[in-house]
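What follows is calculated from the coordinates using simple rules that are stated; it is not laboratory data. Since we're looking at a predicted model, the values are computed, not measured. Cβ atoms come from the backbone with ideal geometry, glycine included; neighbour counts cover every protein chain shown.
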Amino acid sequence: MILNEKKAAFIIVTLKCFFILVFFGVFLPRCIDFVIYNFVVKPHSYDNSIFVYSIFGKNIKVIYNYTIIFNEFLKF
């Protein structure tokens, strides 16, 4: 009986870890890539507005590299 409870606890912890890895490895990079694309690559500028592009600066390169690395890692 105790062995079955330990097996069940192990399976639950393993599934939690798997879902965390899937979230940070698949969904989070895609969401970050989507946000970066919509706010930086394809900005919505209007006639009477000013878009400040230098807010992201070097941080955009770090986030973009993060998404590329995780996508390439999952393809391997």
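Per-structure values
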| quantity | calculated |
| --- | --- |
| FRET efficiency estimate (nearest 0.05) - Cβ-Cβ, F27 to V62, R0 22 angstrom | 0.70 |
| Least to most buried among L21, L3 (fewest other Cβ within 10 Å first) | L3, L21 |
